[in-house]
Amino acid sequence: MCAASYFKVDQRASTGARRLLMATYEYLCSRCGSFDVKLAIGTAPTVHGCPVCAAPARRVYSSPGLTLSSPTVSALREREEQSREAPALVSEVPPGRRVPPRPHPALSRLPRP
């Protein structure tokens, strides 16, 4: 997981307690490899104990988890990023079949000469 995957811990709203925002932090153990820990935002230490071997593991800073977005949203973001660097230029109106406008339906009820 990534360092900025957020979720909310559900607490009872009737008690007046505020919601606690949690983040998933990634750590790397030299023996066991990487693992994730969910902690309150801003409370992650630089070293955390490995859940398998209890050896100290250092925190790994990674990109935020944006994989929860739909494929459509991901495609739109990618298209928007590409248009920043190389926008598509249009030199003429694209050819297409022109649909003639339909007459207003009230005109058919008018008397004809």
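Annotations for the structure displayed:
- Any hit, segment 99-110, residues being of a type in the set (G, A, S), in a helix (DSSP H, G or I) and out of contact with any strand residue (DSSP E or B) (no Cβ under 8 Å at 6 or more places or on another chain): yes
- Flag not set for Y6, criterion: part of a strand (DSSP E or B) and at pLDDT 90 or above.
- Considering residues of segment 27-84 that are part of a helix (DSSP H, G or I) and of a type in the set (V, I, T) only, the residue nearest to the chain's Cα centre (by Cα): V73
- Only one of P56, P101, P87 that is surrounded by 10 or more Cβ atoms within 10 Å (Cβ to Cβ) and either out of contact with any Lys or Arg (no Cβ under 6 Å at 6 or more places or on another chain) or among the aromatic types (F, W, Y) (or both): P56
- Hits in segment 68-84 - residues which are of a type in the set (G, A, S) and surrounded by 10 or more Cβ atoms within 10 Å (Cβ to Cβ): S69, S74, A75, S83
The values are calculated or read from the model by the stated rules, or taken from the named source; none is laboratory data. Predicted, not measured: the structure shown is a model, and the values here were computed from it. Cβ sites come from the backbone with ideal geometry, for glycine too, and all protein chains shown count toward neighbours.
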